[in-house]
Each structure stands twice: as structure tokens, then as C-alpha cells.
Amino acid sequence: MSQGVYITSAEPRSGKSVVVLGIMEMIAGQQGRLGFFRPVVQDEQRPDNITNLIIRRYELKIAYDRMYGCSYATARNMLIQDRDEDLLKLIMEKYKALERECDLIVSVGSDFTGPAAALEFDFNAKLANNLGCAVLPVVKGYGRDATQVVGAAQGLLESLEERKCDVLALVANRVTEQFIDGVSSELKRVMPSGIPSYVLPEILILEKPTVGEIAASLGAERLSGPEESFTREVRNFKVAAMELPHYLDHIEEGSLIIVPGDRSDIILGSLLADASNTYPHIAGIILTGGIRPASQVLRLIEGLMHARAPVTMVVTDTYTTALNVSSLEGVLSPDNPRKIAAALGIVEAQINNEEFMGRIVMERPGRVTPLMFEYEIIRQAKADRRHIVLPEGTEERILRAAEILRMRDVVDLTLLGNEREIRQKASAMGLSLSDVAIVDPMDTALRQTYADAYFELRKHKGISPQMAFDAMADVSYFGTMMVHLGEADGMVSGAVHTTAHTIRPALEFVKTKPGVSIVSSVFFMCLADRVLVYGDCAINPEPNPEQLADIAISSAETARMFGVQPLIAMLSYSTGESGKGAEVDKVREATKIVKDRRPDLKIEGPIQYDAAIDAGVAKTKLPGSEVAGHATVFIFPDLNTGNNTYKAVQRAADAIAIGPVLQGLKKPVNDLSRGATVPDIVNTVAITAIQSQDGGNTP
């Protein structure tokens, strides 16, 4: 998976385009396949200036429609409809599609130009987390003294910390020259440990728009002037209303002259002044009112060999044109090599390339949001599509989930139940399940085949052929036998059946993997900023030390399989050597067994929950531990503790609990909660498919 850098600010006019260009230049020289992404754009047909610059300068062979998430109009409508999560998923899908082809993606946040600008910082922070990007915040220095710049930087960092963002570095941009040293030294003092800060000065050539940029923004018609003249920076503008002699006294270097198109004296006098060595050089002329100069004047302009100032024309009146010009700022354009060179020069001089690139290589955001986790398991399942059987084929939630799974092409499915009943129910619900196989255990030749197989497996337990045949009328037994015989890769049930009903057949004849003494379960607890693994919260009431060690090892492997780096906390009411008692000793012994069997795993126990999850508490209770304060896999000493804890966290922290996911079986069979939602079912099916993939079975 590629790395990602999300460049954003908390206010408009921060000059983040300069930072974007400089960072892209650094990365382009050191990384492989480079990508660029804007979550929200103004125009879905035409790239904005910075996107156009990046595409052209770095010769990105990526279609423009793949480099953005959606338009501002689409985002606004979805937010109005309270479809925030759908909006995130829409943007995330497009980002992830691009991510598969890139080694590193630079994303650029919104521009704070819309009516909901006050909400954009939250939106950008949430996007960065869900896209898995480290954030590079840009603080505006323009119009601020040193104290104000540092204060704004501290406020921005605190806001990002509150939103659980991973900060790559901080850039204070457009800082007035006289405050550079003070801002730089003060930022180094107040920055969080390990996070570098860089200060970029305000540069005139980047602040001011060019004649060409103004012409493009106003929709002006170009009347004269060589192409390169349109790259002249506009340092100020003059509305010419005086007679020519008085007007000439007011010309300044880089002035843009705004004048009605019928003022031939001002037009010609300005061009002559620009060509002379006795007056300042103007940036250009804008003719207002849609009035084209007289033909004789145009002939004179064409004949002025040294008149190089560009002349453009707009339809608006002089006052309106002046207002429009006054609101414009400079932009980075692929057609202005001077601005590009100036921007790159600033970044190269002020940002330590080695330090910054080192952080990109090393800095992989450790936070995983529920959306990220959901997307990743769907992606993994689709990468090697498997066949999953769903025994509860007449249940509405199962049918809705089945349609989603097929529309997204996640897995192949077989539903169990009466085909006519299932088809009618699906039709009444408006679902399309025509490509989903349906098998009725009561009306298929497979029933006898499966009964024979079951009889051979269980005859030593006193099972007769008739008892085996009767058992195969049960959808759980039938579905499990499909998995056992390799006619399905996994099974998911439990929406209307008990856990015991779902897993009993698997315990009877699927059995555990070699070296594993017990079937156990985990829940993936999807918190706002991370995914934790809890085990065992559904199967084993009172595991002994050996079984508890098995649960820990299986849970670590399950975590690793789904992208969670396992740091195992063996939970108890005591931390370290402080407590005594049978329950603490059981956890202590189980921890020792894990260390002996799997010295490669990072594990701590016995440890209390607060010391396992909170770095501050860990420093006091268990200093120096690699796991304490950073645990990702939590092993509970018994079912009573585990089940109550997962439900408490689920409700109190508004977490998404995916599971129980069974582990330890030779082939995957997973149980649903009877309160499972359609997304729960989709996720569990995807997890089951991943477990069944080559090299993906849980131990």
C-alpha cells in the first residue's frame, strides 16, 4: 500500500500551493510512482491551477477524473442530506483506486472558498484519517507578527491532536521577512517532540497575480502583447481617469492600468511609457466596457516595435473591473516558470530535505479508522475471490447483504433455503440476486452425499445413516459440510440461530488446526481512530493457562492478517508483579507459555486495561514496556470479563464491533450476532473470505 501526505490549512490564503509544489519536487526525485489527489474540486471538467501544474510538471499519466473525489456541489448536497459517511466513502473509493497504482500520494485539502468554510478544517482532518495519510499542516503568516504566527501554529496542532491526526511536520508560510528568525526559534521551542517545523517567507513574486492570471480569471480577450508578457506580475493597479500628463505622474513599476477602451490617449501613452527608459514599466492594460479601440489606434499599437506590454479587454465597467482585480491573488501556473522557480527555491532553502524525506519513509500513520478497516477487508476479499455459503437464506438482512456483496463483486455466494421462497422474497424487496446460487437442503441430491460423509466422520460416536441424513436437513450442518468438503470456502451464520447452533457442526467435523487446542473468537473493535482486537469474548467461559495462551497466539495471527500489528496485553486485575491470586497466576502462566512458544510476539502480562491502552498510565505502572500503553490485542482472562467489556466499550465509545470472528478451525466458519446489521454481515463475510484465502487461515 502506498504512503500518503495530506497538505492542508485551517484558513484561506495560506499559500499551501507553494508547499505542495515543493514537496512534490522532493518526492519526485526520490520515490517511485507518484500520485496526486484533491478530495474536493470546483470544476469536474477542468483542473485547477495547482492540479494542472502538477500534472504537467511531473508528467502524471493519470486521467484527471481519477485525481479527485467529487465536486464542491456534490459534497455540499451530501452534507445537507446528512450523508457524511457516504461522502467519505465516495472520496475514499476514488483515493484507494489511485493508491493501488502509486508508491506515494500527495493530497491537497480544500481551499476554504465555499459557504461552509468554517467546517472545512474538520472535514479535512477526518479525510486525512480515513485516507490513512500523515498531515502536513500549513499555517498562514501573512498579516501576522511572530507571536500571532506561533499562536496560530499551536492552535492548529492542538486541533489536529484532538482529531487524532498523525502530523508529519508543520510549515509556517508567507511569514514577513523581519519575523522569520523569531518564528523559527519559537516554533522549535513549542513543537511536540519529534515533529519538525519549517518557516517560509513571503515572496512578492508569488503573492502577486500575473497579467495572464488576471485575464483568465476575468475572462478577458487578449488584444496584443507577446506570450511571455502575460507572465508579468501585477504589483498594483491604477484606474486611469486623469488626462495623460497628470496620469503619467502616477505610474508605478508593475502597475496594471484599468481604463475604458475609448481612452486612446491613455492607451498609447501607457505603451510608450513602458517602451521608454524614462518611466516605470507597467504590467499591462485592461480595457473596460467592452469597447474595442479605434482601428487607427490598433494599427499604431501593432506598429510600435518596442511595445511589449500586454493589452486585454473585458466587458465589465471600470469600477467593477477594479473591484474584481483587487480580489485576486497570485497562483502557481504551469505557464509561469519564474513563479515555479521562486517557489521551489524557497522550499529547498527552508525545508530540510533529508529530515523531511526521512519522516515520510518512516512515518506510517498508526491510526486505523472504521472506514479504513472496512475498505481494506473488502479489498483483501476481492483480491482473491472466494465462495461463501450463507445458511440463513430467507432472512432479509442476509438477502440485502448478499446483494451488496455481489454488486461489489466481493465473493461468490450460495444461499441455503427454499429457492422459490427466497426468490419471491428478494423480488418483493426489490433485490437483484439472479447470479446468486440457491440450494435447498430438503430438495437436493447433495443431501445424501453429505449425509454419507457425515456418517463416516461420526459413526464412532454412534451416529446412524438415518441420523446423518436427518442432520443434513439442518442448514448449519449442510453449510458446514459444504465447507468441509471444499464446495464452499467458508460459512457465515447466526443472524437467526444461536452461536451453539452455528459452530457445533464445525466443532464436530471441521476440527481445529494442528497445534491449536481450542477454538476461540475475537471481536474487531473499530474505534474512531484505531482498530483493536478483543479475545475471547464469545466462546470459552473459563480457559486454563494453556488455552489462554492458544487464544493469545491465535488472536495475534488474526490481528496480523487484517493489518493490525499485534501488541498483546494479557489482561488481569493486576499489573506486573504487584498482584497475587489464582486468576493473576493463570494469566502470568499463560503469558510465559506464549513467550516460550512464540518468542517473536510482543506480549505483556498480567496487565490492567488502563495500563495496556493508556501511555500515561503505562509510564507509571509498567515503564519501559513495548506493549504497555500501545496494546492492540487484548486477551481477557474469562468470557464474563471479555463479553461485558466489549459491550461496554461498544456502547460507551460508540465503537463498531465486528465479530465474533472464530479462529483455530481448519476452515473458516463465523458466527453473527442475532442483532447483526447488514454492514455487519457484509464485513463478516469479507473476513471469512480472507480467512479462507491461501495462507490466510487463522491458526
Original post:
If you check every pair at least six apart or on different chains, which have Cβ atoms under 7 Å apart with a residue in the stretch 486-500 that is under 14 Å from Thr677 (Cα atoms) first and a residue that is open to solvent by less than 10 Å² (accessible area, probe 1.4 Å) and of a type in the set (Ser, Thr, Tyr) second?
Top reply: Val492/Thr684; Val492/Thr688; Ser493/Ser476; Ser493/Thr502; Gly494/Thr502
**OP:** Might you check whether a residue that is under 29 Å from Ile346 (Cβ atoms), of a type in the set (Lys, Arg) and out of contact with any strand residue (DSSP E or B) (no Cβ under 8 Å at 6 or more places or on another chain) occurs anywhere in the stretch 81-90?
**Re:** no
Original post:
Can we say Pro599 is open to solvent by 50 Å² or more (accessible area, probe 1.4 Å) and not aliphatic (A, V, I, L, M)?
Top reply: yes
Subject >> Of the criteria (1) farther than 25 Å from Ile553 by Cβ; (2) out of contact with any Ser or Thr (no Cβ under 8 Å at 6 or more places or on another chain); (3) not in a loop (DSSP other than H, G, I, E, B), which one Asp680 fails >> reply: (2)
**OP:** Within the stretch 200-223, identify whether any single residue is farther than 30 Å from Ala273 by Cβ and of a type outside the set (D, E, K, R), and answer yes or no.
**Re:** yes
**OP:** Among the residues of the stretch 213-233, count how many are open to solvent by less than 60 Å² (accessible area, probe 1.4 Å) and at pLDDT below 90.
**Re:** 8
Original post:
If you check every pair at least six apart or on different chains, which have Cβ atoms under 7 Å apart with a residue in the stretch 29-55 that is farther than 14 Å from Tyr6 by Cα and open to solvent by 50 Å² or more (accessible area, probe 1.4 Å) first and a residue that is of a type in the set (Phe, Trp, Tyr) and modelled with pLDDT under 90 second?
Top reply: Gln42/Tyr72
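Report yes if Ala648 is surrounded by fewer than 16 Cβ atoms within 10 Å (Cβ to Cβ), assigned to a helix (DSSP H, G or I), of a type outside the set (Asp, Glu) and modelled with pLDDT of 90 or more, otherwise no.
For Ala648, the condition - surrounded by fewer than 16 Cβ atoms within 10 Å (Cβ to Cβ), assigned to a helix (DSSP H, G or I), of a type outside the set (Asp, Glu) and modelled with pLDDT of 90 or more - is met.
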Original post:
So which residues in the stretch 124-151 are touching a residue at least 24 places away in the same chain (Cβ under 8 Å) and within 15 Å of Ser197 (Cα to Cα), if there are any at all?
Top reply: Ala134, Val135, Leu136, Pro137, Val138, Val139, Lys140, Gly141, Ala146, Val149, Val150
Subject >> Qualifying position, being among the β-branched types (Val, Ile, Thr), open to solvent by less than 20 Å² (accessible area, probe 1.4 Å) and part of a helix (DSSP H, G or I), among Val533, Val522, Val492, Val483 >> reply: Val483
**OP:** Return a yes/no flag: does the stretch 463-470 have any residue that is open to solvent by less than 30 Å² (accessible area, probe 1.4 Å), assigned to a helix (DSSP H, G or I), over 20 Å from Ala538 (Cα atoms) and not aliphatic (A, V, I, L, M).
**Re:** no
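Conditions (1) more than 27 Å from Lys513 (Cβ to Cβ); (2) open to solvent by 10 Å² or more (accessible area, probe 1.4 Å); (3) in contact with an Asp or Glu (Cβ under 9 Å, 6 or more places away or on another chain); (4) aliphatic (A, V, I, L, M), marked per residue:
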| site | (1), (2), (3), (4) |
| --- | --- |
| Lys621 | yes, yes, yes, no |
| Glu626 | yes, yes, yes, no |
| His630 | yes, yes, no, no |
| Val633 | no, no, no, yes |
| Lys667 | no, yes, yes, no |
| Ala686 | no, no, yes, yes |
Original post:
Is one or more of the residues making up the stretch 45-68 under 13 Å from Leu104 (Cβ atoms), among the hydroxyl-bearing types (Ser, Thr, Tyr) and either in contact with a Ser or Thr (Cβ under 9 Å, 6 or more places away or on another chain) or assigned to a helix (DSSP H, G or I) (or both)?
Top reply: no
**OP:** Could you check the stretch 544-645 for helices (runs of 4 or more DSSP H) lying wholly inside it with 3 or more residues that are more than 31 Å from the chain's Cα centre (by Cα) and touching a residue at least 24 places away in the same chain (Cβ under 8 Å)?
**Re:** 545-561, 582-597
**OP:** Run Ala655 past the list (1) in contact with a Pro (Cβ under 9 Å, 6 or more places away or on another chain); (2) at pLDDT below 90; (3) open to solvent by 40 Å² or more (accessible area, probe 1.4 Å) and report the number of the one that doesn't hold.
**Re:** (3)
**OP:** Exactly one condition in (1) modelled with pLDDT under 90; (2) farther than 18 Å from Glu329 by Cα; (3) in contact with a strand residue (DSSP E or B) (Cβ under 7 Å, 6 or more places away or on another chain) is not met by Ala275; state its number.
**Re:** (3)
**OP:** Note down all Cβ pairs under 6 Å where the first residue falls in the stretch 105-123 and is acidic (Asp, Glu), the second is at pLDDT 70 or above and part of a loop (DSSP other than H, G, I, E, B), and they're at least six residues apart or on different chains.
**Re:** Glu120/Ser110
Subject >> Val361 vs. criteria part of a helix (DSSP H, G or I) and at pLDDT 85 or above >> reply: no
Original post:
How many residues does the stretch 425-459 contain that are charged (D, E, K, R), part of a helix (DSSP H, G or I) and either touching a residue at least 24 places away in the same chain (Cβ under 8 Å) or open to solvent by less than 30 Å² (accessible area, probe 1.4 Å) (or both)?
Top reply: 3
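The values are calculated or read from the model by the stated rules, or taken from the named source; none is laboratory data. Small disclaimer: the values here were computed from a predicted structure and weren't measured. Using ideal geometry, Cβ is built from the backbone for each residue, glycine included, and neighbour counts are taken over all protein chains shown. Surface areas here come from the heavy atoms of the whole protein model, side chains and all, with no ligands, DNA or RNA. Shrake-Rupley method; radii C 1.70, N 1.55, O 1.52, S 1.80 Å.
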